[in-house]
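The values are calculated or read from the model by the stated rules, or taken from the named source; none is laboratory data. Since the model is a prediction, treat every value here as computed from it, not as a measurement. As a convention, Cβ positions derive from the backbone with ideal geometry for all residues, glycine included, and neighbour counts pool all protein chains shown.
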Amino acid sequence: MTVTSDILIVGSGIIGMASALELQSRHPDARITVLEKEDGPARHQSGHNSGVIHAGVYYAPGSLKAQFCREGVPATQAFCDEHKIPYQRIGKLIVATTEPEVGRMEKLGARARQNGIEIQDVDQTTLRLMEPHINGLAALYSPSTGITDYQRMTQVMADLFVARGGTLLYNERVVAATETPQQVSVRTTTARYEADRVVTCGGLHSDRVITAFGHKPGYRVVPFRGEFFRLINQPEDLVSHLIYPVPDPERPFLGVHLTRKIKGGFTVGPNAVLAFKREGYRLTDISPRDLAETLGYTGFWRMLAMNAASAASELSASASKQIYLKRVRKYCSRIRLKDLAPYPAGVRAQAVSPSGKIIDDFLFVQSERCLHVGNAPSPAATSCLPIAKHIADQLEAGQAPTLAA
Ligand SMILES: Cc1cc2nc3c(=O)[nH]c(=O)nc-3n(C[C@H](O)[C@H](O)[C@H](O)COP(=O)(O)OP(=O)(O)OC[C@H]3O[C@@H](n4cnc5c(N)ncnc54)[C@H](O)[C@@H]3O)c2cc1C
């Protein structure tokens, strides 16, 4: 069986579905098909994250992350308003607990201002008034940071796409593709698809999807499990903002934070440890293929060498709940070991270059007829609507650098 479409999208995570909706609104008469290997949308990163609408404090000025995150906040809120998806603009405090952290926090504040983000300096007395259960020397307050449910947002996008005439096919794993000057031919485990243009948003498999299209991605996805705990035995008003530590410059992730969930309660986390399976949510999930690919990749060992201290520290926090607890007790000393209950982990797709560099910014790679999302780590959920606009613009303009075959 061969199905013909004008536009084909691979992956029904939040980036794939936001792109499908954007392309559908620009080309209402086009036949648009989304192929997803799972039995529903948002089964991976888009359904296993912290649920934070990031304001854009952290990102390098001038980066795509800084731009799309800033644009993504009002876009996400408007989408949630329009489709009655709950969100709260609850604000976030980035809390410094030591003098060196105060220095780093001030630099972070300057960066946020450079990014055009509203940020306020909070002294120790004000911090106590804002959050009586949080201990710190000073803090940065980001009033526009919020929370939502990205799984629900992706599901709503999928429903809208189908209601507007799009075709969304589950249990369709893309295994190979051929691009000619006339069209793109995509093979899944069950059928063949032909399309004029293709967008791939493969998340934890983005490099493999690009390879299936006959290109060299130039990086490899290294999966990092983010382990969370659910906070129990603590009052609902323990804190009224999201509480984050000042990020450690040695670590590429934001640090263990205290996050209010849109459905109620709090999570503590996530950390970042190597996953033995790209979509393996339990410690015991191991894929010999995934593990062999990671361990056989020179870029992984180079990255490890450059981040050895941080990797060891993350591993120890993963192995010992007591060590994990210390990270949150730094700023909230009333949390005890017995307050940390199990909560499902997430797995981050982190693109790593052959030289071992963690690719920080969003990355897109384009051939004549295809646009591939290579790297879309946090804050890609916050940024999904501007990313989708960018994808549609690039696909129409065909301006991105052409991939090496
Ligand atoms: C622990 C954690 C916390 C995070 N917290 C936040 C946060 O608070 N705020 C924020 O903005 N971002 C956050 N993020 C990042 C955010 O969740 C991701 O950046 C975003 O969800 C990426 O979306 P995606 O569509 O690119 O990938 P995914 O959601 O992973 O979707 C990719 C899809 O492609 C499908 N696919 C893959 N290969 C194939 C194939 N061969 N054929 C067909 N289908 C295929 C997969 O099954 C999947 O459905 C977090 C991520 C993690 C893991």
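Observations
- Scanning the range 263-276 for residues that are surrounded by fewer than 20 Cβ atoms within 10 Å (Cβ to Cβ) and either near the ligand (Cβ under 9 Å from one of its atoms) or part of a loop (DSSP other than H, G, I, E, B) (or both) returns K263, G264, G265, F276.
- Leading residue by the ranking (nearest to the ligand (Cβ to nearest atom)) among those in the range 34-64 that are surrounded by fewer than 22 Cβ atoms within 10 Å (Cβ to Cβ) and not in a loop (DSSP other than H, G, I, E, B): G47
- Whichever residue in the range 336-368 is over 15 Å from the mean Cα position of the chain (by Cα) and acidic (D, E) and, among such residues, is farthest from A60 (Cα to Cα): D339
- If you go through the range 125-143 and keep only what is in contact with a helix residue (DSSP H, G or I) (Cβ under 7 Å, 6 or more places away or on another chain) and over 30 Å from P74 (Cβ atoms), you end up with just L137.
- The range 65-100: number of residues that are in a helix (DSSP H, G or I) and out of contact with any Pro (no Cβ under 8 Å at 6 or more places or on another chain): 12
- Cβ-Cβ contacts under 6 Å between residues 6 or more apart (or on different chains), taken from a first residue in the range 52-72 that is more than 21 Å from I262 (Cα to Cα) to a second residue that is of a type in the set (K, R) and outside any loop (DSSP other than H, G, I, E, B), are listed as Y59/K65.
- Positions within the range 1-33 being in a loop (DSSP other than H, G, I, E, B) and either of a type in the set (V, I, T) or within 9 Å of the ligand (Cβ to nearest atom) (or both), in sequence order: G11, S12, G13
- Every residue from the range 181-198 that is part of a loop (DSSP other than H, G, I, E, B), over 28 Å from the mean Cα position of the chain (by Cα) and over 14 Å from S367 (Cα atoms): T190, A191
- Hey, A110 hydrophobic (A, V, I, L, M, F, W, C), assigned by TED's automatic domain parsing to the domain that holds L137 and surrounded by fewer than 16 Cβ atoms within 10 Å (Cβ to Cβ) or not: yes
- Residue match in the range 159-179 (condition: in contact (Cβ under 8 Å) with a residue 60 or more places away in the chain, among the hydroxyl-bearing types (S, T, Y) and surrounded by 18 or more Cβ atoms within 10 Å (Cβ to Cβ)): no
- Qualifying residue in the range 293-308 (condition: within 15 Å of the ligand (Cβ to nearest atom), in the same structural domain as K277 (by TED's automatic domain parsing) and over 30 Å from I134 (Cβ atoms)): yes
- Which numbered condition F364 misses (of (1) within 16 Å of the ligand (Cβ to nearest atom); (2) outside the structural domain of H133 (by TED's automatic domain parsing); (3) in contact (Cβ under 8 Å) with a residue 60 or more places away in the chain; (4) not acidic (D, E)): (3)
- Residue match in the range 282-302 (condition: touching a residue at least 12 places away in the same chain (Cβ under 8 Å), in a loop (DSSP other than H, G, I, E, B) and buried (at least 18 other Cβ atoms within 10 Å of the Cβ)): yes
- Residue in the range 200-216 that is part of a strand (DSSP E or B) and either buried (at least 22 other Cβ atoms within 10 Å of the Cβ) or not basic (K, R) (or both) present: yes
- A single member of P61, P86, P41, P74 is closer than 30 Å to V122 by Cβ and in contact with a strand residue (DSSP E or B) (Cβ under 9 Å, 6 or more places away or on another chain), and it is P86.
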